[in-house]
Amino acid sequence: MNRELLFKQLGTLILLSVSLFLNAQNIPYQDFDQLLIKADQHKAASKQIFDEALQQLQNNRTQLSNEQKEFLDYLMIFNQAYDGRYDQAVEDFENLFNRVDSTFVKVRIQSSLSNLYAFNHNYRAVFTALQYVTTELPKLDDKELKHTIYLATANSYLLTDRFLLAREFSEILLKDNPNPFKRCRAMAYRQLADIKLNNIDTSEDKAVQDIIRFCQSQNQMAVSDLLALNWYEYQFKQLNEAASSESINQLIAAAENTCLDIDTKQFKSIIAGKEALLAQLYLAADDIRSAQDYAQSVVQDNNQLGNSEHIQKAYQVLETIARRENNFSLAYEYLSQRSDIERDLMTDSLDKQVAYASVQHDLMAKEIQLQQLSQTNELLKTQQALAAKESLNQKLIMAWLALMVGLLLFWVVRAIIKRRKLESLVEMDHLTKIYNRKGLEEHVGQLLIRKSGQGVPVHLAIMDLDHFKKVNDECGHLTGDWVLKFVVYHLKTNLPGGMMLGRLGGEEFAVIGHGFGIKTMLEHLELMRKRVKNLDYGESEQPISLSASFGVASSETAGYSMQMLLTQADLALYQAKRAGRDQVVVYQPDGTKIPTVPDGPDSEQ
């Protein structure tokens with residue numbers, strides 16, 4: 001009986017084994033390529049279809065060719081990135097790149113890595129990966145793969161603020177007649193680049209809406225929402241303060257209608273962009289409660305999003321609301337948070353530019369090195385052929401090598417100069433030709449470190465041109481820009497030694513003084529105030545009269561901290577505005593207002 005039972009069990013196992021074998025063979029060999037393509041096409045569109053295809057491929061892994069296995073491994077790692085495990089995906093992609101043979105897979109890996117490096121702010125690695133992709137791309141014959149790489153490259157350039165290159169790769173793809181799925185993304189990326197480059201007008205709303213609807217028809221909801229939100233934000237920025245409530249409400253309705261069909265966990269950044277935009281729109285519509293709720297929602301996701309423009313905009317909304325409610329302590333807490341984020345964003349932007357320039361310079365140096373090696377080999381052959389003229393040849397060789405070394409040094413020095421020039425441009429305000437906020441933070445930060453060690457006082461004032469928006473609204477932005485340059489020119493040319501002028505943004509400027517006491521600083525600022533008020537703006541052919549308010553802080557109360565100096569100066573500036581503007585107020589810890597100069601304000605001269 002036991003023997004009979006044993007035979008039955010063995011028979012059952014044999015039947016199961018045969019059944020499993022037959023099931024494993026139910027996919028024809030040639031269909032594995034189609035299954036891989038199906039998974040690849042749906043990896044960014046339908047998680048369910050993607051996962052089902054991966055599972056089916058994994059079940060039949062033993063039947064795959066080596067190249068198919070490499071492609072499957074690539075897709076499996078991509079799935080980690082899809083689930084938000086970016087660091088693990090980067091590590092696994094790098095390991096896979098080193099062990100695969102297929103150029104087809106290697107290019108895909110580097111293309112995906114360029115996107116992941118951008119998320120991790122490793123910008124030098126981004127541009128190095130893109131350099132590999134663009135070098136190897138001509139070797140590929142697969143048209144669909146090329147189109148996929150064009151899209152990934154355009155996306156990486158968008159993430160690293162290289163908007164012209166993002167637009168160029170999108171254009172290349174669109175000219176090659178891509179399928180509708182890829183056409184949607186290429187059109188969206190090109191439009192996003194145009195928005196960032198201000199290469200678009202609000203009159204083009206119909207064309208943008210057509211792209212949005214086309215992407216929705218292709219089930220590309222995340223791309224559609226991303227473009228829509230960027231477009232609505234661009235339209236909002238073009239509105240002036242006199243914009244009708246109807247215009248604001250239309251944008252609110254449009255923004256509220258986005259992000260309804262995307263995975264909120266996977267696309268947190270897009271959701272945060274929507275909430276930050278709605279916070280600004282509701283604030284413009286005077287719906288304080290809604291604006292505050294949306295802004296707080298963005299801030300609460302700070303740990304997951306990191307310092308981003310969305311967080312910065314949310315803090316700006318919260319700061320404005322706190323100021324309107326006269327809650328100055330809370331307003332300055334938000335101001336401090338926003339200032340830290342803006343500094344990080346400026347540093348991040350500079351890192352992107354420097355990384356791109358650095359990779360380009362490395363590439364240039366490699367090309368020079370290859371040319372030099374080639375030329376050196378030719379020289380060695382010549383030396384052997386002309387042994388009878390050894391002495392002369394050696395001199396020629398040394399001269400040629402010296403020339404090559406000289407050329408190499410020339411390119412290196414040129415690269416260094418170009419990088420320094422780039423850094424200088426980043427620190428200058430293009431309109432007034434004085435330091436912008438980034439330049440101020442860099443140079444004032446160094447000044448504070450030096451003066452702190454010497455015990456020398458440093459003072460910082462924020463100057464605000466009173467009612468300047470009225471100039472823009474009544475006379476136009478071109479006249480407003482002229483006024484800013486006119487005021488800065490006259491203040492800068494009369495600036496005493498030991499003082500520095502920079503633009504914080506809009507009509508707000510910073511004045512830094514060091515090497516003298518607060519009394520002298522206040523006297524200098526009082527002269528600047530009078531100079532602004534007494535300037536003749538007649539050259540503009542507009543009835544313009546201006547005054548300026550100053551809020552002053554000193555290292556004696558703020559210490560040698562740029563952030564604390566700005567915060568205290570901003571608080572003093574609020575006091576100056578609340579007291580009627582056109583005056584200089586120095587920060588006092590107890591909140592009292594003291595005269596601008598010890599003798600009291602002079603009469604206007």
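If you take the residues in the range 194-236 that are hydroxyl-bearing (Ser, Thr, Tyr) and farther than 19 Å from Leu158 by Cβ, which one is surrounded by the fewest Cβ atoms within 10 Å (Cβ to Cβ)?
Residue satisfying both the conditions and the ranking: Ser203.
Has the range 71-85 got any residue that is farther than 18 Å from Ala152 by Cβ and buried (at least 21 other Cβ atoms within 10 Å of the Cβ)?
Checked the range 71-85: at least one residue is farther than 18 Å from Ala152 by Cβ and buried (at least 21 other Cβ atoms within 10 Å of the Cβ).
Which pairs have Cβ atoms under 6 Å, sit 6 or more apart or on different chains, and link a residue in the range 505-517 that is in the same structural domain as Asp481 (by TED's automatic domain parsing) and closer than 13 Å to Phe550 by Cβ to one that is open to solvent by 40 Å² or more (accessible area, probe 1.4 Å) and outside any loop (DSSP other than H, G, I, E, B)?
Ile512/Met500
Which of the helices (runs of 4 or more DSSP H) contained wholly in the range 147-218 include at least 2 residues that are within 22 Å of Thr135 (Cβ to Cβ)?
The qualifying helices (runs of 4 or more DSSP H) are 163-174, 180-196.
Does Ala284 fit the bill of being open to solvent by 30 Å² or more (accessible area, probe 1.4 Å) and either over 21 Å from the mean Cα position of the chain (by Cα) or modelled with pLDDT of 90 or more (or both)?
yes
Determine whether Asp481 is surrounded by 15 or more Cβ atoms within 10 Å (Cβ to Cβ), charged (D, E, K, R) and assigned by TED's automatic domain parsing to the domain that holds Arg531.
Considered against the rule, which asks whether it is surrounded by 15 or more Cβ atoms within 10 Å (Cβ to Cβ), charged (D, E, K, R) and assigned by TED's automatic domain parsing to the domain that holds Arg531, Asp481 comes out as no.
Each row is one residue, and each column tells you yes or no for (1) free of Cβ contacts under 8 Å to residues at least 40 places away in the same chain; (2) polar (S, T, N, Q); (3) touching a strand residue (DSSP E or B) at 6+ places or on another chain (Cβ under 6 Å).
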{"residue": "Ser245", "(1), (2), (3)": "no, yes, no"}
{"residue": "Ile248", "(1), (2), (3)": "yes, no, no"}
{"residue": "Leu260", "(1), (2), (3)": "yes, no, no"}
{"residue": "Phe267", "(1), (2), (3)": "no, no, no"}
{"residue": "Glu275", "(1), (2), (3)": "yes, no, no"}
{"residue": "Gln280", "(1), (2), (3)": "no, yes, no"}
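Residue-by-condition table, conditions (1) more than 20 Å from the chain's Cα centre (by Cα); (2) in a helix (DSSP H, G or I):
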position: Gln312; (1), (2): no, yes
position: Arg323; (1), (2): yes, yes
position: Asn326; (1), (2): yes, no
position: Leu330; (1), (2): yes, yes
position: Glu333; (1), (2): yes, yes
position: Ser336; (1), (2): yes, yes
position: Asp340; (1), (2): no, yes
position: Arg343; (1), (2): no, yes
position: Asp348; (1), (2): no, yes
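Does any residue in the range 536-551 that is closer than 14 Å to Val471 by Cα and not assigned by TED's automatic domain parsing to the domain that holds Val483 come within less than 6 Å, Cβ to Cβ, of a residue that is open to solvent by 100 Å² or more (accessible area, probe 1.4 Å) and modelled with pLDDT of 85 or more six or more places away or on a different chain, and which pairs are these?
Note: no pairs meet the criteria.
Do you know which of the residues in the range 94-118 that are among the hydroxyl-bearing types (Ser, Thr, Tyr) and assigned to a helix (DSSP H, G or I) is most open to solvent (accessible area, probe 1.4 Å)?
So the residue we want is Thr103.
So is Glu91 open to solvent by 40 Å² or more (accessible area, probe 1.4 Å) and in a helix (DSSP H, G or I) or not?
yes
Would you be able to say whether some residue in the range 169-176 is open to solvent by 40 Å² or more (accessible area, probe 1.4 Å), more than 27 Å from Asn60 (Cα to Cα) and in contact with an Asp or Glu (Cβ under 8 Å, 6 or more places away or on another chain)?
no
Could you grab me the full set of residues in the range 448-470 that are outside any strand (DSSP E or B), open to solvent by less than 30 Å² (accessible area, probe 1.4 Å) and within 17 Å of Thr557 (Cα to Cα)?
Leu448 - this is the single residue of the range 448-470 that is outside any strand (DSSP E or B), open to solvent by less than 30 Å² (accessible area, probe 1.4 Å) and within 17 Å of Thr557 (Cα to Cα).
So which residues in the range 308-350 are open to solvent by 50 Å² or more (accessible area, probe 1.4 Å) and of a type in the set (A, V, I, L, M, F, W, C)?
The answer is Leu330, Met346.
In the range 119-150, which residue that is of a type in the set (Val, Ile, Thr) and open to solvent by less than 60 Å² (accessible area, probe 1.4 Å) is nearest to the chain's Cα centre (by Cα)?
The residue in question is Val126.
The values are calculated or read from the model by the stated rules, or taken from the named source; none is laboratory data. Just so it is clear, the structure is predicted and the values come from calculations on it, not from any experiment. Every residue, glycine as well, gets a Cβ built from its backbone with ideal geometry; the counts of neighbours run over all protein chains shown. Ligands, DNA and RNA are stripped out before the accessible areas are found, and what is left, the full protein with its side chains, is counted by its heavy atoms. Shrake-Rupley method; radii C 1.70, N 1.55, O 1.52, S 1.80 Å.
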